[in-house]
1. In debye to the nearest 20, how big a dipole does the chain give about its Cα centre with +1 on each Lys and Arg Cβ and -1 on each Asp and Glu Cβ?
2. From the phi angles alone, apply the Karplus equation (6.51, -1.76, 1.60; θ = phi - 60°) to segment 84-99 and give each ³J(HN,Hα) in whole Hz, x where the residue is Gly or Pro.
3. Compute the Cα gyration tensor for segment 247-355, then decide on rounded, prolate or oblate, letting a ≥ b ≥ c be the square roots of its eigenvalues: rounded whenever a/c is under 1.5, prolate when a/b is larger than b/c in the other cases, and oblate in all that remain.
4. Report the calculated FRET efficiency for LYS151 and LYS175 (r = Cβ-Cβ distance, R0 = 25 Å), to the nearest 0.05.
5. Compare VAL332, VAL289, VAL238 in a GNM of the chain, Cα atoms joined below 10 Å, and give the one with the largest fluctuation.
6. Among GLN294, LEU81, VAL350, whose Cα projects farthest towards the positive end of the dipole of the chain, with charges put on the beta-carbon of Lys, Arg (+1) and Asp, Glu (-1)?
7. What's the carbon and sulfur percent of the chain's accessible surface, probe 1.4 angstrom, rounded to a whole number?
8. Using 0.36 nm times the number of residues separating LYS259 and ASP235, minus their current alpha carbon distance, what extension gain do you get?
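The values are calculated or read from the model by the stated rules, or taken from the named source; none is laboratory data. Everything numeric here is computed off the predicted structure, so don't read it as measured data. Cβ placement follows ideal geometry from the backbone for every residue including glycine, while neighbour counts extend to all protein chains displayed. The accessibility values were calculated without ligands, DNA or RNA, using every heavy atom of the protein model including side chains. Shrake-Rupley method; radii C 1.70, N 1.55, O 1.52, S 1.80 Å.
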Amino acid sequence: MIEQSTPRIEIHLNKITHNAKMLKRLFAQKGVKITGVIKGGAGSIEIARAVLNAGIHSLADSRIKNIKKFKKAGLNSSFMLLRIPALSEVSEVVQYADISLNSDLDVIHALSREAKRQNKIHKIILMVEMGDLREGILPEELPLFLQEVLKLEGVEVIGLGTNFACFGGIVPTDKKMKEFSMLVRKIRKVFHLELPIISGGNSANYNWFIRTNDVGEVNNLRLGESILLGKETVDGTVIPGLYNDAFRLVTEIIELKRKSSVPYGQSAQNAFGEKVHFKDKGMIKRGIVNIGRQDVIVSGLRPLLPVDILGSSSDHIVLDTSKCKLKLGDTVSFSVDYGAMLSAMTSPYVVKKYIPTDHEFHYGTVQATVC
Ligand SMILES: *Cc1c(COP(=O)(O)O)cnc(C)c1O
């Protein structure tokens, strides 16, 4: 039964819709449209619908497999493929994605050939490298690159994009964003191109957007974490008025005993090749919950009861529960960061429980006040 199964991740769909609505309204104030990035939902149709319910009809995912699933479910939206396509997947990309982000000429050639074969025009956004050093065409190489792309049939360049704070941790400062807009203006002028979509980044662009009085040419942002977890991603702060608790991980206690706080016997490495050290707190109440590193990035969990995470193995997390009156079978809930959400959503062992309307939060079986 989904209601009580553990481990489970509880997803408050109304909070996701609320966040998406608020962000759509906020960014519209300076003429920026939102593309809802739902890759954190690992192909969840319910989460896609929650974003659509906010009136956002442009969704994006990093996996073509997920986009294929959304299309087959008949969702009323355009779909953008975020991860630059692999040569081996161009046929599905042309078939299912309305727009793809691109940075490689060979891939675009392949998209062009495939689009002609499928009798389609595939829309592409060219990604520009601005220093974060993941995907992107170097600005100085963009003119020649574009010149080549414009010769191809079957593909239409509908805009330019850039990305920050994903790989290299580079911040989209006002200076960087001005540089990007200048490049856009230059390219428009030289090529007499409209380039209707200028996609300036992701949730890391929030602070820039709030503070700047000139968004330049940017008229689109691709927002994932800020919709799903209510956070901007440069400082990791919660955006005012948004929920940061749309996701909750619920686990169950499977052993509870008073034991030493320090392992005893001859000490070597653990199952993950780590040499672990523990603080000596004497005898403590230790609880084991039924989730581990195979299911979730444990460092991204924060218990919602006053218990401490002592460590984890592939299928267990060990807690110090000394401050809580827990019993076997009680649940312990955790808040999740982006990595923990992503891993739990992806794990087939974590049940997904969708909560459609306002609902009391589940902090664990025991109320925090008795701990
Ligand atoms: C994941 C991703 C995004 C969304 O990033 P968030 O930080 O979750 O807003 C935007 N663009 C690209 C290319 C991505 O891969």
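1. 600
2. My calculation for segment 84-99 gives 4, x, 7, 3, 6, 10, 4, 5, 5, 4, 5, 5, 10, 8, 7, 9 Hz in order.
3. Verdict is oblate for segment 247-355.
4. About 0.15, to the nearest 0.05.
5. Answer for the Gaussian network model of the chain: VAL238.
6. VAL350
7. 52
8. My answer for the length gained is 4.8 nm.
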